[in-house]
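Working notes for the structure below.
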Amino acid sequence: MNKAITDGLIFMPPAFIDGLSDWSSEDGTPGSATYDGAANAALVASDPDFGPCLELQKTESLQRLRYMGDTPILPGCYLEVTIRFKVLSGLFPSFRIGAWAGGPGGLEVTGLDTTGPELLPDTYGRIYTIRAIIGTGDRTGVDMVWGTEPVFGHFGLDMTGDNGAVVRIESVVIEDRTDVFYRKLMGWVDVRDYGAIGDGITDDRLAFLAADADAQGREVVVSEGLYFIGNSLTINSPIRFEGQLVMPTTARLQITSNFDYKTYEAAFGNEREALTRALAALFNFTDHESLDLGGRRIQLDAPIDVHAAVGNKDNFGNRRVLRNGQLEAVDSANWDTTTVTSTASYSTGNPTVLSNVVNIANIAVGSLVSGAGVGREVYVASKDDGAGTITLSQSLINPAASQSYTFERFKYLLDFSGFDGLSRFQISNIEFACLGKCSGLLLPQSGYAWHVHTSWFLRPKDRGITSSNLGCYGMSIYNNEWYSNEYDELAQNRTTIAFNTNFNDVKVRDNVAVRFKHFAVMARSNHMITGNHIWQGDSAPVGDRTAGILFTARNGNSVITGNYIDNCTIEVANEHANLTNVGPNTVPFGALSITGNIFLVSSVPTWFTYIRLSPYGNGHHIDGVSVVGNTFKVIGGSVIDRVESVDASNGGFDFSLTRNVIFQGNNFEEVSNRTENPAYVEVNQPSAAVSWTYSHADKVPFGTQVRGVTGWSAIGQIQDGGGVASYDTPYFTTASGAAGDEVIVNWSAARRGTLQLTLRCDTAS
């Protein structure tokens, strides 16, 4: 019991720094002298030990300090007065808690003990603490036993003994310590003692509330029975369920003391119902920021629609956490993908909208869209049945004005897509045991700063995490384990994807992903990808490999650092921008830093490359690609031609516009052509010629051109045809040859010898 909480009583006096008019130098009763303006009292704004405090000089044989406010004294209530102080100078006085007992009408109650234990300090500057307990009952540990006649008191400090000491006092603390003394015969109350019937029909809500109100810190016991609760119920006491509850789906059980999954399972006796009810309470302010599943395995036969479970919120921004358990899908038709095929119209003037959508009522928000001209991981973000329009998560590439589309709505263990906005949600130490039956997690329509960490995504049927709109903004995905349901499938035949994103600022750190089609399909920009191990190999003797990390925005402004890229690729495309957005004045392919990664591959054809640019439409350009300090290694007897390439099946580049490409400091093993830019090359001309032609195709990145010679020097003598040394200066013709990857060294006359050149595939901005 604590009267400050239960009855709203105020025991604590104000701080000294608020003024000394409430602090008496006498007994604390009205009209007694105060320290306000007293010559021997001063306020100290910032003591190194106490902060704001009171400094007193002892000038009387009994120097008093009393709070003038009426501190209530109640039957069964025990107060503790605590004071911290130190002596700065002078003769040491004795210190004790002092009090004045007041009865009805403000009269003093005499004959009571009004002082606590005395302390004589002996060290200057040392912090001492004195305390005393005042109460109505004669119990061990009570220093001032006052009985029931006093109804209030004035409390503070007494200093006795020699005068002259200067002391500093931190504060006078008065607290309710009834919990030390107060005992009941039983540590629990039973709801049946307060009128609960437990027949599953009678509404027992009021009985639960009465038991909770009377528990006063004891446990509320719900004895055996089936209890109908007709409306939302909040229980503040610890509660133990031997019986179970029946509640309408719109009603919430909010347990503010022992809020955890175990308690909800005991309350409802069904794993799915318990999780649904607990999630509803998590979003309705149970004084808990997290729901702990207690390490339990919860078997689900259908998706948990979290928005429907909460029932009363479309937007939520307070931090909430789901932690420590396993969600396991069991066999059920409820996991079957809903597939709808429909015709719709598309206009490049409105690139994220499908109009005139046939059968739109049967198409679910969150469905994956496929069809001619649709890039990877495009979803139904929202729809308007009346207008017949669908808003897409991303633009399409170049579909026909009217064509057929397929909409696949995957089913997820946890589905948050009903929320318009949900931010700062954290999933920690959860295993999504999809087991090939369903997908893992579907994000809300919008949201910021989700965290998914230290969790497992075990064999998702289609997707681990899906963003169907903007719920991934600023999301952090770290320290998770991802295991595909298609382990034995060839890489090119797989369909499962670990996760996708549609918005900016996603952090992907320290994950392990095994044998997906793609680990990450990432739209928009400003992503950080560090410390992950992405393995997508297969058992084929000479196999294809898919993108482990796929950027669908050509200018991702992102970094890929310190990852283990194992039997997969990094791909950059522009498939989420329609083909009207192409040309030298548009956004380039670039703003990408690939640094310090381990690239490893085995059993692949010679044309395999680790880094691929995949343009849709012609006339693109490259600006801002940095590939530095990586290790490229091929094992298993394979040798590849080079580590980077352009997939020109859907478009191409204008290499004359290439800017700011750095490809250096990398290590190569079993790679025939070692890409480099700037590239340091030797041109050897054994017979005298006016023009020396050097092909740079082996080293030039992404099949670009030689755009500049930034330095040259002769290795040995440059000679004419007769062997006479020549000291003239050559000039260079760049972007020569059919592909523009040749440089011509031009002399004033025929020359022979060896030059060292520094070549670049890019030009100055």
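No lab work stands behind these numbers, since they all come straight from the coordinates. If you're wondering where the values come from, they're calculated on a predicted model, not measured in any experiment. Here the Cβ is made from the backbone with ideal geometry for all residues, glycine too, and neighbour counts use every protein chain on show.
Here each label is just a point 7 Å from Cα along the line to Cβ, and for T115 and M528 those points are 6.4 nm apart. Computed packing ranks the peptides 364-374, 333-343 as 364-374, 333-343, most packed first, by mean other Cβ atoms within 10 Å. Reported to the nearest whole Å, the Cα centre-to-centre distance from the range 427-466 to the range 81-141 is 60.
Residues whose amide H lies under 5 Å from that of Q426, counting only those 5 or more places away or on a different chain, are R320, V321, L322, H451; hydrogens are built 1.01 Å from N in the peptide plane. Calculated mean residue ellipticity, 222 nm, the chain: -1500 deg cm²/dmol, from DSSP H runs (n ≥ 4) at -39500 (n - 2.57) each, averaged per residue and rounded to 500.
Other residues with beta-carbon under 14 Å from the beta-carbon of G317 carry, at +1 per Lys or Arg and -1 per Asp or Glu, a net charge of +1.
Full extension of the chain between I127 and N746 gives 213.9 nm of extra length, using 0.36 nm per residue less the Cα-Cα distance. All alpha carbon pair distances within the chain were sorted into 20 Å bins beginning at 0; the resulting P(r) in whole percents reads 14, 29, 24, 21, 11, 2, 0. Straight-distance candidates among the lysines for linking to K313, with alpha-carbon spacing under 27 Å and chain neighbours fewer than 8 residues away dropped: K262, K383, K411. Each peptide among 519-529, 720-730, 239-249 gets the average number of other Cβ atoms lying within 10 Å of its residues, and from highest to lowest they stand as 519-529, 239-249, 720-730. Excluding same-chain residues fewer than 8 positions from K633, which lysines have a Cα within less than 24 Å of its Cα? Qualifying lysines at Cα under 24 Å: K517, K699. Each DSSP beta bridge with both residues in the chain is either parallel or antiparallel, and the antiparallel ones are about 45%.
Measuring between their Cα centroids, the range 557-629 and the range 290-337 lie 37 Å from each other.
So if we plug the beta-carbon distance of T337 and T729 into 1/(1 + (r/R0)^6) with R0 = 51 Å, what FRET efficiency do we get, rounded to 0.05? So the FRET efficiency works out to roughly 0.15. By how many nm would the segment from S404 to T391 grow when fully extended, if each residue of separation counts as 0.36 nm and the alpha-carbon distance is taken off? Extending this stretch completely gives an extra 3.1 nm.
Measuring from label point to label point, each 7 Å out along Cα→Cβ, what is the S46 to S691 span in nm? Here the modelled spin labels are 7.9 nm apart. Applying 1/(1 + (r/R0)^6) with r as the Cβ-Cβ distance of N350 and V180 and R0 = 60 angstrom yields a FRET efficiency of 0.25. For the range 86-106, the residues whose backbone nitrogen is under 13 Å from a point 7 Å from the Cα of D162, taken along Cα to Cβ, are 89-94. Could you state the angle between the C-alpha long axis of helix 205-215 and the longest principal axis of the C-alpha atoms of the chain, as a value from 0 to 90 degrees rounded to the nearest 10? Roughly 60 degrees between the two axes.
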